[in-house]
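Just below is one structure, and these are the notes that go with it.
Throughout, read-outs are computed from the coordinates displayed, never taken from laboratory work. Because the structure is predicted, anything quoted here is derived from the model rather than measured. Every residue, glycine among them, receives a Cβ derived from its backbone with ideal geometry; neighbour counts consider all protein chains shown.
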Amino acid sequence: MLTALKPTKETIDLVAGLKGRWHGSYAMCRCPAHADEKASLSIRQGNRGLLVHCFAGCRSEDVLRELSRTRPVFNSPTPEYRTGASTQNARRIWDQATEIKGTLAEAYLRSRNLPQSLRDLRYHARCPFGRKPNAVFRPALLVAAREGVKIKAIQRIALGPGGLSHKGKYMLGRPGMAAWSPIMKGTTLALAESMEDAAAYTKLKGTPCWSTLGAERLPLVRIPDGVATLVIAEDNNRAGRLAALAAVAAHETPERRVLRDPPPRAAADWAEVNENTGA
């Protein structure tokens, strides 16, 4: 099972040399093994060194070779791994929010052909986006990312006019190994990238499905010990397939099998499959 380890000083300095950004126990950086235009390389601390995964498909040995040539930024500040200001802000905004019934958030779920009684979703009529003094305030659907019972972060889905679309998804807090995690029973669990995909998968398949709130986080979330079968409800694109492969490697154990379940080829993801059913 994947365990979050505190990064060493050498790892922190290396990530700084790559101008990477920490997200709890892992960092996302531009991959030095290819012409990376966005942060597609995940770096975590392992027991015997670095654990790396490039979501663009670079081989780990190629990435590690290039990392050995990367100049670190010595004495870089240690990132905060536990509850910090961003997590406190996430919890404060969550506490300010209301149930979604009768709001734009309910309209959004209805427009996506999803149940309106989903757990751990709230509505904020004036959710802040950005930092003071340049923050803007928009209506948002909030998605809680929990590890156990504790909220580690929230995803803010900025809602469009009438709640019929969204204008972007923004994480606040330090999600670490947390996920949007509806109540599950039994020994089978599915994982999907977005909340919409997870809710759609459960509706279509009857299997409890959690959302990692991002493709790069599929291999990073904590899976309950009692899960004997884990299904990766992946997206139908290159990033989704690579993330699914990383999730299989991260979560498969002698006590747990991990299966992959992509949507039909005509659909981009399980949310689209659900929208097209009309039921």
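For segment 116-222, a simple Cβ point-charge model (Lys and Arg +1, Asp and Glu -1, everything else neutral) yields a dipole of about 400 debye relative to the Cα centre. Working from label points 7 Å from Cα in the Cα-to-Cβ sense, the A56 to D225 distance is 4.1 nm. Taking amide H positions as modeled 1.01 Å from N, with prolines and chain starts lacking one, the residues under 5 Å from C127 and 5 or more places away or on another chain are R138, A140.
Between A266 and E252, residue separation times 0.36 nm minus the direct Cα-Cα distance comes to 2.2 nm. Built from the Cα atoms of segment 70-148, the convex hull projects on average onto 8.7 nm², one quarter of its surface area.
Distance check, please: which entries in K19/K152; K9/K132; K132/K167; K9/K169; K6/K167 exceed 28 angstrom between their Cα atoms? Result: K9/K132; K9/K169; K6/K167 exceed 28 Å.
Annotation note: GluC sites (Glu not before Pro) in segment 58-131 located in DSSP loop regions with a Cβ neighbour count of at most 13 within 10 Å are E80, E99.
Remark on segment 217-279: hydrodynamic radius 12.5 angstrom, per the Kirkwood mean of 1/r across alpha carbon pairs. With a cut-off of 16 Å, note down the residues of segment 176-203 whose backbone N falls inside the zone around a label point 7 Å from the Cα of N276 toward its beta carbon. Under 16 Å, as judged by backbone N against the label point of N276, lie 197, 200-201 of segment 176-203.
Projecting the Cα positions of N113, I232, P32 onto the charge dipole of the chain (unit charges on Cβ atoms of Lys, Arg, Asp and Glu, taken about the Cα centre) puts P32 furthest along the positive direction.
Working value for segment 143-213: equivalent-ellipsoid semi-axes of 21, 17, 8 Å, each the square root of 5 times a Cα gyration tensor eigenvalue, largest first. When each of the peptides 130-143, 173-186, 41-54 is scored by the mean number of other C-beta atoms lying within 10 Å of its residues, the order from highest to lowest reads 173-186, 41-54, 130-143. Full extension of the chain between L164 and R21 yields a length gain of 48.2 nm, computed as 0.36 nm times the residue separation minus the alpha carbon distance.
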